[in-house]
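The values are calculated or read from the model by the stated rules, or taken from the named source; none is laboratory data. Predicted model only: the values in this text are computed from it and were never measured. Every residue, glycine as well, gets a Cβ built from its backbone with ideal geometry; the counts of neighbours run over all protein chains shown. To get the accessible areas, we keep the full protein, side chains included, count just its heavy atoms, and leave off ligands, DNA and RNA. Shrake-Rupley method; radii C 1.70, N 1.55, O 1.52, S 1.80 Å.
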Amino acid sequence: MSVHEPSFRHLVNQILETSPPGASLSPSGFSIITAVCAKVCLFMPSDLFPLGECLGDVFLKASRSCLASYLDADLENPCADSITIRYLHSNCLHISARPKVAWHSFGEAVRLILQMRLYDEDSYAALPLIEEEKRRNAFWQLYTGDKSLAVLRSMPITIHEYTFEQGITTAYPSCDQNKLITGFNAGTKLWRYAADLLLQMRMISTSQALGPGLPHTSLTPLDYTTLGDLYVRFATCLDDLLPHLLPDGITPLSGSNGTTANNGFTVQVADLHVTYHCLRMHLTMALEKIGFFSYTGHPNDMLVLRKTEIAGDMVRLLQRLPFWSLQVNGEPCTEKIRLVGTSLLAIIQEPSSSHLGTRARRDFAVLLDILSQLDSKASDTLRRELL
C-alpha cells in the first residue's frame, strides 16, 4: 500500500462496520473486497507472492463483473465505496499494463467526487462518521492520484483550486485514531503544494506567450517572488514530520534478513520520501523550462549541480531503505525513480558536463541497478536511451 492509502486492515474494518451483524455481503461489499484483494495480489512482488498475478486477475475480473451488475444504481446513488472501487480498479488495470482502461476507470471515480461535491466541506455535514471518513479519504486519494498522473504520465490536472468557485474547502482526514493517516495527510500536502507551483507556472507560461510560434517574454520580479515562495512552501512541507515517518527511524534488526523495526510504516516512509525527491526534480526541470533560473542569473553548471544533488539525495535514500519497501510500492515507485534517472541521463549525454557528468553517471548506474532489480520496464527503457 502507498502512503496515500488506508491500510488493508483499516479498509476491511470500515466495510465490515457498515454491515449489520449476520447480514450477507452486499454487491458493493463484494466488489470492494475483491478489488482490495486484487490490488494486494498484483502489487506484491512475485518473489514474495508467486501466485499474485494469477490471483489478482481473478479477483479483478470478479470485482469488475460484480460492479457491472449494479452499475446504473451505483451511479444514481453513489457512496464512498463507489469511488474506492473504481480507484482500486484503476490501480490494478495500470499495473496489468492496460493504461487506457485504467485512465477511464480513474475518470469515472473523478466524476463521482465532482457529482458528490466532495471538494466542498459542507457536503460532509450530517453523514454517518464512517461514511464521512471514507469519503474524505477517497477525495484526497483521488486528488493525489490526479497529480501523480500529471507528473508521471503527462495527463491533464483535473482537480484543482481553480476548478471550483470557492476552491477546495475539504478538510484532511482526522489522524487522531490512526497514525497511518498522518502519513496520508503529509503525502497529500506534498502533492498539493507541488500542484500549486505547477499550476502557477502554467499560468505564467500562458501569460508569457506573445502568440503562436512567437517567443515568450521574461519573468517579472513578481513572477519570480511568487514562484520562489511556492517552491519554499513545497520544499519545507515535510520539515515537521513525526519520527515514525522519517528515514532515520528505519532501523534494521540484526539477523532479520532485511526486516526493520518499524515495518508498519516502512512502506509509507519509502513512498513519501521517494515522492519528495521525484517532485523536487520535476519542479526543478519545470522551473528551468520557463526561465526561472535564467532570471536569477544561475549559470548552467549551477543548475546541473542542483539536479545531481537531488539525484544524489534520491540514491542515498534508496540505499538506506529495505528493498522490499520499494517492491511493495509497485510501479508508481519505479516511475518516480525513472524520472530522476532520465534527468541524469540528459546530463550524461551533454558533451560539456565534465565532472558533473561523472557524478551523474555514477548515480545513474545505481538507479539503473535498482530499477533492474525491481524488474521494471523502466530500466529497459533507460538502457535503450543510454545506448
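With the condition kept exactly as written, say whether any residue in the stretch 296-316 is over 24 Å from Gly228 (Cα atoms), assigned to a helix (DSSP H, G or I) and not charged (D, E, K, R).
Taking every residue of the stretch 296-316 in turn, at least one turns out to be over 24 Å from Gly228 (Cα atoms), assigned to a helix (DSSP H, G or I) and not charged (D, E, K, R).
Between residues in the stretch 211-225 that are of a type in the set (D, E, K, R) and at pLDDT 55 or above and residues that are surrounded by fewer than 14 Cβ atoms within 10 Å (Cβ to Cβ) and assigned to a helix (DSSP H, G or I), which pairs lie under 9 Å by C-beta distance while being six or more apart or on different chains?
From the stretch 211-225, the pairs are Asp223/Ser207.
Quickly run through the stretch 43-61 and pick out the residues that are over 24 Å from Val110 (Cβ atoms) and buried (at least 16 other Cβ atoms within 10 Å of the Cβ).
Within the stretch 43-61, Met44, Pro45, Gly52, Leu55 qualify.
Within the stretch 91-104, how many residues are of a type outside the set (D, E, K, R) and either modelled with pLDDT of 95 or more or assigned to a loop (DSSP other than H, G, I, E, B) (or both)?
2
Tally the residues that are open to solvent by less than 10 Å² (accessible area, probe 1.4 Å), under 20 Å from the mean Cα position of the chain (by Cα), over 18 Å from Leu279 (Cβ atoms) and not hydrophobic (A, V, I, L, M, F, W, C), restricting the search to the stretch 118-150.
So the count comes out to 0.
Mind checking which residues of the stretch 151-176 are more than 15 Å from the chain's Cα centre (by Cα) and not in a loop (DSSP other than H, G, I, E, B)?
Of everything in the stretch 151-176, those that are more than 15 Å from the chain's Cα centre (by Cα) and not in a loop (DSSP other than H, G, I, E, B) turn out to be Glu161, Tyr162, Thr163.
All but one of (1) within 25 Å of Val269 (Cβ to Cβ); (2) at pLDDT below 95 hold for Glu350; state the number of the condition that does not hold.
Of the numbered conditions (1) within 25 Å of Val269 (Cβ to Cβ); (2) at pLDDT below 95, the odd one out for Glu350 is (1).
Quickly run through the stretch 334-370 and pick out the residues that are of a type in the set (Asp, Glu) and within 24 Å of Leu272 (Cα to Cα).
Glu335, Asp363, Asp369
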